[in-house]
Amino acid sequence: QVQLVESGGGLVQAGGSLRLSCAASGIMFGVNRMGWYRQAPGKQRELAAEIILGGSTNYADSVKGRFTISGDFAKKVMYLQMSSLKPEDTGVYYCTQRSRGSNYWGQGTQVTVSS
């Protein structure tokens with residue numbers, strides 16, 4: 001059974017920084033994509049950042065320049081460094097890792113940015 005465990009969420013003031021972590025365990029081979037999604041209250045889940053095997057990254061326009069995704073595909077760990085946080089960044093953040101055509105999801109971690 002594959003499990004993804006997230007950590008690092010919490011409450012932070014606007015302008016602050018936060019670093020999210022996600023680690024996978026279990027039998028999962030050949031991760032080729034890692035991504036961070038987020039869902040604000042009352043809104044659809046959206047892709048915040050992703051990294052592809054080889055190092056290519058993509059970011060939502062709303063986080064570009066403020067968030068940095070990184071990961072170790074061999075170790076199946078990934079991170080999201082968030083800086084200059086805004087109240088609009090508040091939401092539940094989910095990590096995903098893709099392997100052999102299947103997407104695996106973490107349970108989500110709450111990020112709250114106060115004014």
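The values are calculated or read from the model by the stated rules, or taken from the named source; none is laboratory data. Treat the numbers as computed from the prediction; the structure is a model and nothing was measured. Note: ideal-geometry Cβ built from the backbone for every residue, glycine included; neighbour counts use all protein chains shown. Only protein heavy atoms, including side chains, enter the accessible area calculation; ligands, DNA and RNA are left aside. Shrake-Rupley method; radii C 1.70, N 1.55, O 1.52, S 1.80 Å.
Quick rundown of the values:
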item	result
Within segment 86-101, considering residues that are more than 15 Å from V63 (Cα to Cα) and open to solvent by 50 Å² or more (accessible area, probe 1.4 Å), the one nearest to the chain's Cα centre (by Cα)	R98
Qualifying residues in segment 102-112 (those that are open to solvent by 40 Å² or more (accessible area, probe 1.4 Å) and not hydrophobic (A, V, I, L, M, F, W, C)) - the one nearest to V12 (Cα to Cα)	T112
Qualifying position, being in contact with a strand residue (DSSP E or B) (Cβ under 9 Å, 6 or more places away or on another chain), exposed (fewer than 15 other Cβ atoms within 10 Å of the Cβ) and more than 19 Å from R19 (Cβ to Cβ), among S115, S83	S115
Filter result for the condition that a residue is touching a residue at least 12 places away in the same chain (Cβ under 8 Å) and open to solvent by 40 Å² or more (accessible area, probe 1.4 Å), over I69, I52	I52
Inter-residue pairs, beta-carbon under 9 Å, first of a type in the set (D, E, K, R) and in segment 94-111, second open to solvent by 50 Å² or more (accessible area, probe 1.4 Å), 6+ apart	R98/N32; R98/Y104; R100/F29; R100/G30; R100/N32
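Quick grid of which residues meet (1) under 18 Å from V113 (Cβ atoms); (2) at pLDDT 95 or above; (3) in a strand (DSSP E or B):
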site: L47; (1), (2), (3): no, yes, yes
site: N58; (1), (2), (3): no, yes, yes
site: G65; (1), (2), (3): yes, yes, no
site: I69; (1), (2), (3): no, yes, yes
site: L80; (1), (2), (3): yes, yes, yes
site: E88; (1), (2), (3): yes, yes, no
site: Y94; (1), (2), (3): yes, yes, yes
